[in-house]
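The values are calculated or read from the model by the stated rules, or taken from the named source; none is laboratory data. No experiment lies behind these values; they were computed from the predicted model shown. Counting neighbours? That spans all protein chains shown, and the Cβs are built from the backbone with ideal geometry, glycine included.
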Amino acid sequence: MSLDPHSSEWLTRLDGLYGIGRTFRPGQIVRHKHHGYRGLIVAVDEVCHAPEHWYVANATQPTRDQPWYHVLVHRSRRVTYAAHENLQPDTSGEPIVHPLMPMFFGGFEDGGYVRNAEPWKGWDV
């Protein structure tokens, strides 16, 4: 049986698999530990799905064997792909502004954005 990657069961399985305590969820606001940008998690990959040429071209190469996140970068048109170890929860309480938000998110509740069922294409595009 395949689990929906937006489901809490799938994310809980990732939490246990990697022993990281808590995987970030779609709709959660995060901050990049090194680059400082704020962003919104739109999708989670169990491991890094980026092509090898993309991975080796990065300034750093965090381990591929951890959750990786597609992040809508606040006040830009950019979408980044970040390793779990490079992100932390954002506690500013400030909203996120990004042109793709209406396509993937409905409202805001309980401190996060509500992810809709629109699929994220990720690296399969």
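Of the residues Ala83, Ala117, the single one that is of a type in the set (Gly, Ala, Ser) and surrounded by 12 or more Cβ atoms within 10 Å (Cβ to Cβ) is Ala83. Total residues in segment 21-71 satisfying the condition of being exposed (fewer than 12 other Cβ atoms within 10 Å of the Cβ) and at pLDDT below 90: the figure is 4.
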